Amino acid sequence: MTPKEQAAFVKAFSKNVATCSAEEVADFVARYEAGEDMSNFHEYTSIVDALFMWHDGLKWKLEQIRGEN
């Protein structure tokens, strides 16, 4: 994710889920993007779920733009 994409994800998470602070979400994204193994960090479960939904939403939108149904 680019820094702009990371900021957008943090904002979207904070606005729609808000189970963690923006700082916690930003920390998770930075660590995730750095390749840190996040499998033992159970406190991030809602962020991981939201991140996968985020990626699926982006993929779906790109498919719609390309005309792939």
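Per-residue answers, yes or no, for (1) surrounded by 11 or more Cβ atoms within 10 Å (Cβ to Cβ); (2) modelled with pLDDT under 85:
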| position | (1), (2) |
| --- | --- |
| Pro3 | no, no |
| Val10 | yes, yes |
| Phe13 | yes, yes |
| Tyr32 | yes, no |
| Gly35 | no, no |
| Met38 | yes, yes |
| Leu58 | yes, no |
| Arg66 | no, no |
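Take the conditions over 22 Å from Gly57 (Cα atoms) and modelled with pLDDT of 85 or more and apply them to Glu23. Does it pass? For Glu23, the condition - over 22 Å from Gly57 (Cα atoms) and modelled with pLDDT of 85 or more - is met. So Cys20 clears everything in (1) assigned to a helix (DSSP H, G or I); (2) surrounded by 15 or more Cβ atoms within 10 Å (Cβ to Cβ) except one condition, right? Which one? Tallying (1) assigned to a helix (DSSP H, G or I); (2) surrounded by 15 or more Cβ atoms within 10 Å (Cβ to Cβ), Cys20 fails exactly one: (1).
The set of residues from the range 40-52 being exposed (fewer than 13 other Cβ atoms within 10 Å of the Cβ) and either in contact (Cβ under 8 Å) with a residue 24 or more places away in the chain or assigned to a helix (DSSP H, G or I) (or both) comprises His42, Glu43, Thr45, Asp49, Phe52.
The values are calculated or read from the model by the stated rules, or taken from the named source; none is laboratory data. Worth saying up front: this structure is predicted, and the values here are computed from it rather than measured. All Cβ positions, even for glycine, are placed from backbone atoms using ideal geometry, and neighbour counts span all protein chains on display.
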